[in-house]
1. Can you spot a residue in region 66-76 that is part of a loop (DSSP other than H, G, I, E, B), in contact (Cβ under 8 Å) with a residue 40 or more places away in the chain and surrounded by 18 or more Cβ atoms within 10 Å (Cβ to Cβ)?
2. Among the residues of region 255-274, write down those that are assigned to a helix (DSSP H, G or I) and within 19 Å of residue 409 (Cβ to Cβ).
3. Only residues that are at negative phi and part of a loop (DSSP other than H, G, I, E, B): list them for region 404-423, please.
4. Regarding region 600-614, can at least one residue be identified that is in a strand (DSSP E or B) and surrounded by fewer than 22 Cβ atoms within 10 Å (Cβ to Cβ)?
5. Considering only region 466-482, state which residues are surrounded by fewer than 19 Cβ atoms within 10 Å (Cβ to Cβ) and assigned to a helix (DSSP H, G or I).
6. If I ask for residues that are at pLDDT 95 or above, part of a loop (DSSP other than H, G, I, E, B) and within 25 Å of residue 320 (Cα to Cα), which ones from region 1-31 would you list?
7. Across region 315-339, what is the total count of residues that are touching a strand residue (DSSP E or B) at 6+ places or on another chain (Cβ under 8 Å), in a helix (DSSP H, G or I) and over 13 Å from residue 25 (Cα atoms)?
8. Take residue 459 and decide whether it is farther than 22 Å from residue 328 by Cβ and in contact (Cβ under 8 Å) with a residue 40 or more places away in the chain.
C-alpha cells in the first residue's frame, strides 16, 4: 500500500541493474540521482514511491555462473546482494528493491507473454543475425559499428534460432502520435529527436522476445523450450513491482501509482524504454509513463569505464577516500543535463578542498565559532540592519527559487550550484562585514549580533535545501545550529531562525582538506601499472615528407579571425547510418561543444574519449548527416589518407588558447 493516501503520489524508478557483477560509480550515479529527486519530491509534499532493483536473467549470467561453478540463482543472489549493499552505502532511500527472479514478477511475465500471444501481438518464427552476448541484442550487418556491437563496441557472433517475435510496427504510428502530442514524454529533447529520426520514422522491425539457446530465463508457459527474452522480462518490472495483474486484478497500489511519473535511465537504453516499453504497454492497454529521462554517462578521466581497460571506479572505494556525501556531491554536481560528465581522482580532491572543505565546511565552522567566541553560542537577531544585509537576503531567496525551478526540470546539477551559491554569498558577506572588527567595538555589538544571525539563517536555509542531495551533511549542519530542517513552503522568507537559540559549543569539521600528492600515492598503490604499461614504447620511424599544393596567401587579419583552443573529448559515438562520421562532445573551458568529424575509419569512439585535441571553435555551426556540428578537430593526413589528430605536446588544460 502507498504510505499516505492524502498526498499526491509520485512514482519514480531507476533502470534495474544487470546482476552480472559489481556496479561501478557510473552505474551507481543513477541510483543517487533518482534518490535526490525522490527526496526532493518528498520535501515538496508528494507521497513518493521509489523503486529500483536488479535484472537477473539472460545468457551472460548463465555463462558467468557456469564459469564460477555455481547455479545461476546462486550467482544472482550474490550479485543482487552486492548491488543492494552499494545502494544502501550511498544512502539511497528506495521504497522497493525488485528482483526479476521474484516469483510474483515471473508469474506476471508469463501471463503477459501468453496474453500478447493470444491477441496476435506475438508470433513464432526464427531469428538469424549477429548477436552481442553482453548486450543480449541481435543486430543486422548494417547496424554494426566497424563490425562490432553499436551499443558496447564488443564482438558479435552469427546466431540462428527459433524465436517468438513482437509485432512492433503495429503500434508505431500510435507511439509517434503520442510522442508528438506529449513533448515532455522523452527528455532531454535530444533523446527524443534521436528516437524519432533514427528508429521510429524509418520504420520498426519486429522484436525478438524469446530465446532457446540458453535456459536461464522465465519459461514461456505454453512452449517451455523458450525463455522470455530480456526486455519483455526486465521492462515489465515497473508495473509488476507495484502490483499489476494481467488478469485484471491489479492492486490498489498499482491503481494509485501508475502511470509512473518518471523512469530515470541511462542514455544507452533510451531506445528500449521509449519504443519497446511504450508499445508493450499499448498492447496491454495500460497507460504510458508520464516521462522517460535518459541521463548522460559519468566517464572516467581517460574514457568510458571498462573492466578490460582497468579504469573502473567503485562507489565503496571512493567512499573510503572521501565519504558518502562527498561522493554524492561529486556525481550529482559534475553531471551536465545533456552531456556526459567526467570523474577523476584529481577532480574529486579539487572539489573536496574547494567546494566542500572551503566554501561549505569552513563557512559553517567559522560562523559557529564566532557565535561561541563573541556571544557564548547565543544567536540573537540584533535588528541593526545595513544595505549589505538586504543583498545577502535577496541572493539567498533568489537561489531558493532557482533550486525549485531547476528541480522541476530535473536539472539537479544546476540546483546544487544554486545551493552552493548561497554558501558562496555567505562567505562574501563575512568578508564584507568583518565580524572580528565589529567585535572590537562595544557599540557595534548589536550589529555583530545581526551579522551572525544573518549568517546562521542563510546557512540554515542552504543546509535545509541540501537535505535532498547530501542528507547526512544537512543533518550535521542543522544539528550544530540547533535547529530543524526548514520546510520548502517556508523558504520564501528570510529570518525564521529562532532568535536567542544556542548553537553547539563544539563545531564539527564537516570536510577535511586533502593533500593531492598523498591521495594520488594511495591511488597508485590501489592500481599498480600493468607490465606492458611499464615497458618503453617502440620507436617509430618518421614518415616521409609530403608536398601539397599551396593555397593562395592570406592576410594576418584573415588568420586572426580563427579561434583555436585545446579541447578534451569527454564522450564520442558513431553517427547513425554514417560510415565516416563520429560525433564528439568536446569540453572547451567551461563549455561543451558537439563536433562531427569524418574520422571513423581511423578512430573508434572508445579511443577518442579522454584525448586532448586542437579545435577550431568559432566555425559557424552546420549539420552533417542530420547532426549539428559546432567546430572542427584538427588532423594531419599523409599521402595514403591516414589521419592523425593534432594533440598538444605537453599537458594543457581544456580551453587553453592555441596561438
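The values are calculated or read from the model by the stated rules, or taken from the named source; none is laboratory data. The model shown is predicted, which means the values in this text are computed figures rather than measured ones. Note that we place each Cβ from the backbone using ideal geometry, even for glycine, and neighbour counts take in every protein chain shown.
1. Within region 66-76, none of the residues are part of a loop (DSSP other than H, G, I, E, B), in contact (Cβ under 8 Å) with a residue 40 or more places away in the chain and surrounded by 18 or more Cβ atoms within 10 Å (Cβ to Cβ).
2. The answer is 267, 270, 274.
3. Matches in region 404-423: 409, 411.
4. At the first step, the residues of region 600-614 found to be in a strand (DSSP E or B) are 612-614.
From what is left, the residues that are surrounded by fewer than 22 Cβ atoms within 10 Å (Cβ to Cβ) are 612, 614.
Yes, some residue in region 600-614 is in a strand (DSSP E or B) and surrounded by fewer than 22 Cβ atoms within 10 Å (Cβ to Cβ).
5. Within region 466-482, 472, 475, 476, 479 qualify.
6. If the condition is that a residue be at pLDDT 95 or above, part of a loop (DSSP other than H, G, I, E, B) and within 25 Å of residue 320 (Cα to Cα), then 19 is the only one that fits.
7. 0
8. So residue 459 does not fit the description; no.
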